[in-house]
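K.L.:
Structure in structure tokens, see below.
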Amino acid sequence: MPSVGADDQPERERLRVEVEQLRREAKLQRQQVSKCSEEIKNYIEERAREDPLVRGVPDDKNPFREKAGCCVS
């Protein structure tokens, strides 16, 4: 008669954790992709004027711009 050994315990624990995760995911409220993508698109378009990745950063506010050139002679 096989007994439950120490080798079975990690597998059992892993399966228990996996079942708990699946239960949490099953409780999540889901939304249609078509609705969410439309909302994301509108959000991006409304804020595009203020987005530095779209418009760029003005030189006077750019902390990474080169202050002065270096000349080696």
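The values are calculated or read from the model by the stated rules, or taken from the named source; none is laboratory data. Not measured: the values here are computed from a predicted model. Neighbour counts run over all protein chains shown; Cβ positions are idealised from the backbone, glycine included. Please note that ligands, DNA and RNA were not included when accessible areas were found on the heavy atoms of the full protein model with its side chains. Shrake-Rupley method; radii C 1.70, N 1.55, O 1.52, S 1.80 Å.
K.L.:
Has segment 26-41 got at least one residue that is without any contact (Cβ under 8 Å) to a residue 24 or more places away in the chain, among the charged types (D, E, K, R) and touching a helix residue (DSSP H, G or I) at 6+ places or on another chain (Cβ under 6 Å)? Even if it seems obvious, please write down each step before you answer.
P.N.:
In the first step, residues of segment 26-41 are kept if they are without any contact (Cβ under 8 Å) to a residue 24 or more places away in the chain; the result is 26-41.
Within this subset, residues satisfying the condition of being among the charged types (D, E, K, R) are 27, 30, 35, 38-39, 41.
Remaining after also requiring touching a helix residue (DSSP H, G or I) at 6+ places or on another chain (Cβ under 6 Å): none.
No: segment 26-41 contains no residue that is without any contact (Cβ under 8 Å) to a residue 24 or more places away in the chain, among the charged types (D, E, K, R) and touching a helix residue (DSSP H, G or I) at 6+ places or on another chain (Cβ under 6 Å).
K.L.:
Does Glu20 qualify as being open to solvent by 90 Å² or more (accessible area, probe 1.4 Å) and either at positive phi or out of contact with any strand residue (DSSP E or B) (no Cβ under 9 Å at 6 or more places or on another chain) (or both)?
P.N.:
Numbers: open to solvent by 90 Å² or more (accessible area, probe 1.4 Å): no; either at positive phi or out of contact with any strand residue (DSSP E or B) (no Cβ under 9 Å at 6 or more places or on another chain) (or both): yes.
Taking the combined requirement at face value, the residue does not satisfy it.
K.L.:
Can you tell me which residue among Glu46, Glu66, Glu25, Glu11 is exposed (fewer than 10 other Cβ atoms within 10 Å of the Cβ), at pLDDT 90 or above, of a type in the set (Asp, Glu) and more than 23 Å from the chain's Cα centre (by Cα)? Walk me through how you get there before you give the answer.
P.N.:
Values: Glu46 fails: more than 23 Å from the chain's Cα centre (by Cα); Glu66 fails: at pLDDT 90 or above; Glu25 fails: more than 23 Å from the chain's Cα centre (by Cα).
From the options Glu46, Glu66, Glu25, Glu11, the qualifying one is Glu11.
K.L.:
So Gly5 ticks every box in (1) over 21 Å from the mean Cα position of the chain (by Cα); (2) modelled with pLDDT of 90 or more; (3) of a type in the set (Gly, Ala, Ser) but one. Which box is left unticked?
P.N.:
(2)
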